[in-house]
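Chemist: The following block contains the structure, expressed as structure tokens.
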């Protein structure tokens, strides 16, 4: 079977979406011919991803994209996120291949409600909808009577072997990155991108107001000017605040995993998510976490939730109440050793790739 997977971003770009789509693609390529349609990225070496076939396109080039799809003639088209560059095209054109859509929050549909009618018109062409949990608003959309029968919940996952097999010690990290090993490490892993909320954590750590705490920010360069702008703003804010903070960039994956294993609390201040991998990674590493009520966080164990109001775009609002409660939750999470064990147990039961990936395979093969 030929499967076309459509996603804006793919490896070697680094992010949660890229990780999930690559895992799905690699797993499906064991038994099927997989084509990943994604934005052109300078320097990407297609041979690095074999047997996955990378088909690059240019943003805005609808005819070029459609010609590439028609050349492949896939049996199944799997669209990862309704913010995919040509999602509207799939709703506007009558495609013969069967379509599966992972809505990933249904952000585009909610912001372009006038196009709901396109979705309804093409509902017969869409074989299935995937939601990562029942907690985000994409599941609310899929709960409508004419869609619910086509809807399946498939969560994200983690590779436990990656965490259990990591032997980079806290002492090694402290020496390698010049971080005091005797401090309490508060970890945030997120790239500087709008809505990721690193600046909120600066305000939160000011409220914590304890020099025993060290805020460690792990990020990768994202290749967009907005990333550099937000990073510089964060640096200025940290300098003015006087908190203990350290920025670590473009680290080897094994060191990122080691930081999950060696830190004391993960502080997740992103304003909007659907099914964040970073929380699952913390749980896999037995790292207690604290977060606002983004995505499926309320359904996860191993951490503490701070309930925040949402704006009209469904972004969490970090007002003074949330910032103060978040600071208290970091302190509580650091003092509650039971949290880490609860999170790890839930991951082992529900959120490993060994459990998750076969669900995608069964879904896709059932649509053929």
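Values quoted throughout were computed directly from the atomic coordinates according to the rules given, and no laboratory measurement underlies them. Every value quoted in this text rests on a predicted model; they were computed, and no experiment measured them. Cβ sites come from the backbone with ideal geometry, for glycine too, and all protein chains shown count toward neighbours.
Chemist: Placing one identical point scatterer on every Cα of segment 178-281 and ignoring solvent, what is log10 I(q)/I(0) from the Debye formula at q = 0.12, 0.19, 0.22, 0.24 Å⁻¹?
Modeler: Reported log10 I(q)/I(0), two decimals: -0.37, -0.99, -1.34, -1.56.
Chemist: Once you place label points 7 Å from the Cα toward the Cβ at residue 365 and residue 172, how far apart are they in nm?
Modeler: 3.9
Chemist: Using 1/(1 + (r/R0)^6) with R0 = 41 angstrom and r between the beta carbons of residue 321 and residue 181, what's the FRET efficiency to the nearest 0.05?
Modeler: After rounding, the FRET efficiency stands at 0.75.
Chemist: Based on the alpha-carbon gyration tensor of segment 108-154, what equivalent-ellipsoid semi-axes (square roots of 5 times the eigenvalues) come out, in whole Å, largest first?
Modeler: 17, 14, 8
Chemist: Going by C-beta contacts inside 10 Å, put 266, 41 in order with the fewest on the left.
Modeler: 41, 266
Chemist: On to the next question. Simple spin-label model, 7 Å along Cα-to-Cβ: residue 68 to residue 111 in nm?
Modeler: Label at residue 68, label at residue 111, 2.2 nm between them.
Chemist: Further, regarding this structure: So, in Å, what gap is there between the alpha-carbon centers of segment 290-334 and segment 104-148?
Modeler: What the calculation gives is 26 Å, centre to centre.
Chemist: Oh, and also: If each of residue 249 and residue 134 carries a label point 7 Å out from its Cα toward its Cβ, how far apart are those two points in nm?
Modeler: Computed distance between label sites residue 249 and residue 134 equals 4.4 nm.
Chemist: Report the residues of segment 103-143 in range of a label on residue 153: point 7 Å along Cα→C-beta, backbone N strictly under 19 Å from it.
Modeler: Only 103-107, 128-143 pass the distance filter.
Chemist: On C-alpha positions alone, give me the angle between the axis of helix 225-241 and the longest principal axis of the chain, in degrees, nearest 10.
Modeler: In the chain, helix 225-241 runs at an angle near 20 degrees to the longest axis.
Chemist: By how many degrees, 0 to 90 and rounded to 10, does the Cα axis of helix 353-366 deviate from the longest principal axis of the chain?
Modeler: Once rounded, one gets 20 degrees.
Chemist: Across the Cα atoms of segment 160-350, what radius of gyration and what greatest pairwise Cα-Cα distance (Dmax) are found, in Å?
Modeler: Considering segment 160-350 through its Cα atoms, Rg and Dmax are 15.5, 45 Å.
Chemist: Using 0.36 nm per residue, how much length does the chain from residue 314 to residue 228 gain when fully extended, once their Cα-Cα distance is taken away?
Modeler: Going from the current span to full extension adds 28.4 nm.
Chemist: Okay, next question. For 214, 283, which order do you get if you count the other beta carbons within 10 Å of each Cβ and list the fewest first?
Modeler: Ascending number of Cβ neighbours within 10 Å: 214, 283.
Chemist: Binning at 10 Å from 0, report for segment 101-184 what percent of all alpha-carbon pair distances ends up in each bin.
Modeler: Spelled out bin by bin, segment 101-184 gives 15, 32, 14, 14, 16, 9, 0 percent.
Chemist: Need one number: convex hull volume per residue for segment 210-254, Cα atoms only, in Å³.
Modeler: Dividing the Cα hull volume of segment 210-254 by its residues yields 60 Å³.
Chemist: Moving on. Which residue fluctuates the most in the chain, going by a Gaussian network model with Cα springs under 10 Å, if the choices are 275, 267, 174?
Modeler: 174
Chemist: Given the options 128, 149, 225, which has the most mean-square fluctuation in a GNM of the chain, springs set between C-alpha atoms less than 10 angstrom apart?
Modeler: The residue with the greatest mean-square fluctuation here is 225.
Chemist: Calculate the radius of gyration of the Cα atoms of segment 323-368 to one decimal place, then report Dmax, the largest Cα-Cα distance, as a whole number, both in Å.
Modeler: Looking at segment 323-368, its Cα Rg and Dmax stand at 17.7, 52 Å.
Chemist: How big is the C-alpha Rg of segment 49-125 next to the rule-of-thumb value 2.2 N^0.38 Å, as a ratio?
Modeler: For segment 49-125, the normalised Cα radius of gyration comes out at 1.12.
Chemist: Based on the alpha-carbon gyration tensor of segment 287-368, what equivalent-ellipsoid semi-axes (square roots of 5 times the eigenvalues) come out, in whole Å, largest first?
Modeler: Numbers: eigenvalues 189, 81, 6 Å².
Semi-axes, largest first: 31, 20, 6 Å.
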